[in-house]
Every structure is written in C-alpha cells, then in structure tokens.
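One structure is given below, encoded as structure tokens.
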There are 2 protein chains.
Amino acid sequence: MKWESLGSEPCSLARTVAVIGDRWTLLLLRDCFLGVRRFEDFQSRLGISRTLIADRLKGLVGEGVLRKVAYQDNPARYDYRLTEKGLDLQPVILAMVHWGDLHYAGQDGPPLLHRHRGCGCDFHPVQTCSECGEVVTARDVETRPGPNWETVMGMP
Amino acid sequence: MKWESLGSEPCSLARTVAVIGDRWTLLLLRDCFLGVRRFEDFQSRLGISRTLIADRLKGLVGEGVLRKVAYQDNPARYDYRLTEKGLDLQPVILAMVHWGDLHYAGQDGPPLLHRHRGCGCDFHPVQTCSECGEVVTARDVETRPGPNWETVMGMP
C-alpha cells in the first residue's frame, strides 16, 4: 500500500495512519519530541539504514509535520523541526507512551518521566471532554455518522 | 524487524509501537472501537487478504488487546472483542482521529462524530494533566529520565 492510496481515504483515522502509522515514523516522531533534530542523530538512535530514515523524514516534511532548517552551508546541513501541525501530534505520542507505561513498564517503573511545566508535577495524560471538561473513558463514547459520512465506508 | 525484537525494547513508546504501530493493526483497532467483531467484517471493511487480517488479529490476541469469544460451534466461529487493556487504547485511537479531523477533514467536516455520554455533547478529546487537571499542550511538557532510564538508549 502506498501513502497516496490511504491519503485519499476519507476516514480521519486512516489519513492519520497514512502519515504516521509506520513504526519507524512513530519512533522518529518520539525522538523529535525528545529534541532530536539531526539526520545522524536519528540514525544512530534508531540504528536503521540512511535510506529508511531519509524516506520517513521526506514523508514527514512533505506532509508538513516537520520542516527543514539549514544550520550550515557548504555542504548544506539541515535540522528537522516539528511544525505546529507536528506539535499537534504530541497527544498521540504521549497517549502511546502512557499505554506502554501502563502495560509494559514493569517493576522498575517508566523509563521516561513527563513533567507538566504548569504545575511542576510528573504527570500522565488524561483524556477529557472538550465540552464539559470531565474525564472520558472508552465506555463514555458513542460514535455516529458526521456530515461527511456518505463518503466513509459503511458499517457492516 | 520482528515484533519480538522491539518487544524487548525498554522504551514504552517502542513497546506500544511494537504492538500497534502498523497501519493495518491501527485500522483494525479503529473498527473494533466502532463495534466490528467478526473476521469477515474486518476483511470486507479493510479489503485486504485473510492472511494479513489473521496475522494482525493473532498478534492482538497474543498481546491481550483482543480476546476470542466463540459465538458458534460446528464449525467454531469467534468474535474478537477488546479487553480492558484494549479499551485502554481508546485515547490513542481518538487522539489520532482528532489529528486527522484537525488537519485533513476539509470543508465537509469530520466523517465521524464522537458523543460524550456524560454530557450528551459531540466532543473532541483534550489532553489534561493527571495532577492538576489543566490542559496540557506540547510546549507544556518536559521529559526527563525516570527510574528505569539506564536501560533506555541514551540521548545523543
């Protein structure tokens, strides 16, 4: 399956998956949120080929999730930085980290702690409702067709 | 890369990615949260081979994200249902849907609406701090080594 084929899929989840639903892309994005910016650093952390790294970075730049910023001329060298659209992915990454912490961290506890600058505490993300502010769990949610439903593949 | 190789990775994000960081797995999980339970229904919705579906379902059952429940004998037929561990993935899926809605929904609006049973309103998920309850955005978060840090690959 090519990116393009899912990029034209009307379902929002499928579109997100087309952009970031690849394990190397997700690991690259984790590193972006940890402050990694340079090609060589991504490569040394992930330990995969330059071709794989270059392909994923190109895709993320093409989608406007990362932007290239020159930090050197002759030869040209670039940082890869999260755009605002990329920063909007932080709740996705943090929710994934939290699920891993919940179910796989073991006795030693989580490898990384996240501190909320606002209150100064180590925290984990809690999903709340944009309308009433209450905590939302899976059983609190009903899904129904929206205005763009016709173009989505129907329920069985 | 095999599941096993990342399953031994100490980073929580890498472990989550090893379990769900595959586009077909993510699309299967979306369908689980929409109430799809049967092999044939997953297959007709995703339009991919039985082998691919069977492989992803087996992986999710093996990780305890889904459980098989017999609904017929002779021949045996099974539903695939989310476990509690699987339901814990809902914030991940909903965060991904919301990012797709934000950046790809277009003029027609989102294809699916999510209603919060608690207040009765259509909502989108908002990430908040487990300690103070305030909204948390990407710039509000500092990441630092936790008690299990030594085993995580270091920062460059």
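Filtering the stretch B:103-152 to residues that are touching a residue at least 12 places away in the same chain (Cβ under 8 Å), over 22 Å from A:Y104 (Cα atoms) and either surrounded by fewer than 16 Cβ atoms within 10 Å (Cβ to Cβ) or aromatic (F, W, Y) (or both) leaves nothing. One residue stands out in the stretch A:1-21 among those that are more than 7 Å from every other protein chain (Cβ to nearest Cβ) and crowded, with 22+ Cβ neighbours inside 10 Å: the one that is modelled with the lowest pLDDT, namely A:A18.
In the stretch A:21-38, what residues are assigned to a loop (DSSP other than H, G, I, E, B) and in contact with a Gly (Cβ under 9 Å, 6 or more places away or on another chain)?
A:G21
Scanning the stretch A:22-32 for residues that are facing chain B (nearest Cβ under 7 Å) and under 20 Å from B:A138 (Cβ atoms) returns A:L26, A:L27, A:R30. Filtering the stretch A:16-52 to residues that are within 20 Å of A:A76 (Cα to Cα) and within 16 Å of the chain's Cα centre (by Cα) leaves A:V36, A:R37, A:F42. Listed by position, the helices (runs of 4 or more DSSP H) enclosed by the stretch B:39-156 that each have at least 3 residues that are more than 8 Å from chain A (Cβ to nearest Cβ) are B:39-46, B:50-62. Inspection of the stretch B:89-102 identifies no residue that is of a type in the set (V, I, T) and over 25 Å from A:L87 (Cβ atoms). Would you check if A:D79 is surrounded by fewer than 18 Cβ atoms within 10 Å (Cβ to Cβ), farther than 30 Å from B:V135 by Cβ and at pLDDT 95 or above? Judged against the criteria, A:D79 is not a match.
The values are calculated or read from the model by the stated rules, or taken from the named source; none is laboratory data. Keep in mind it's a predicted model, so treat the numbers as computed, not measured. Please note: Cβ atoms are built from the backbone with ideal geometry, for glycine as well, and neighbour counts cover all protein chains shown.
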